[in-house]
Amino acid sequence: MAAPGPVSSEGGFDPSRPPTIEGFTPSVYSPPESFKEKFLRKTRENPMVPIGCLGTAAALTYGLFCFHRGHSQRSQLMMRTRIAAQGFTVAAILVGLVASAMKSGH
């Protein structure tokens, strides 16, 4: 294992500040993304997840509407459809994870 690089002590140890290490830049990250930017980026990376979420929400909403109206058979069908849509969403998440792991080379 390689030894860590030299640490410059610039006037001794100051516990209120992190040490300065030559050749290391602590701010390697760009400014944080907003929620909208992150949502759009993630949707472009794996568009099946939001589609599955919308399908799940639609089946749930319509199923509850049918239940409220007294259409029990249609409500049961929509609850089964909701389960299928949830399964599709979970599968899309897993496929996205595998694809991103393979893309990054892990």
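Listed here are the residues, each with its yes/no results for (1) open to solvent by less than 60 Å² (accessible area, probe 1.4 Å); (2) on the phi < 0 side of the Ramachandran plot; (3) of a type in the set (A, V, I, L, M, F, W, C).
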position: Leu64; (1), (2), (3): no, yes, yes
position: His68; (1), (2), (3): no, yes, no
position: Arg74; (1), (2), (3): no, yes, no
position: Gly87; (1), (2), (3): yes, yes, no
position: Ala91; (1), (2), (3): yes, yes, yes
position: Val98; (1), (2), (3): no, yes, yes
position: Ala101; (1), (2), (3): yes, yes, yes
position: Ser104; (1), (2), (3): no, yes, no
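For every residue, the table says whether it meets (1) at pLDDT below 95; (2) open to solvent by 90 Å² or more (accessible area, probe 1.4 Å).
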| site | (1), (2) |
| --- | --- |
| Met1 | yes, yes |
| Gly12 | yes, no |
| Val49 | yes, no |
| Gly55 | no, no |
- [ ] Give the number of residues within region 86-106 that are touching a helix residue (DSSP H, G or I) at 6+ places or on another chain (Cβ under 6 Å) and either modelled with pLDDT under 90 or in a loop (DSSP other than H, G, I, E, B) (or both).
- [x] 0
TODO: Report yes if some residue within region 78-85 is touching a Cys at 6+ places or on another chain (Cβ under 9 Å), open to solvent by less than 90 Å² (accessible area, probe 1.4 Å) and either in a helix (DSSP H, G or I) or polar (S, T, N, Q) (or both); otherwise report no.
DONE: yes
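The values are calculated or read from the model by the stated rules, or taken from the named source; none is laboratory data. None of the values given here were measured: they were computed from a predicted structure. When we count neighbours, we look across all protein chains shown, and the Cβ atoms used for this are built from the backbone with ideal geometry, even at glycine. To get the accessible areas, we keep the full protein, side chains included, count just its heavy atoms, and leave off ligands, DNA and RNA. Shrake-Rupley method; radii C 1.70, N 1.55, O 1.52, S 1.80 Å.
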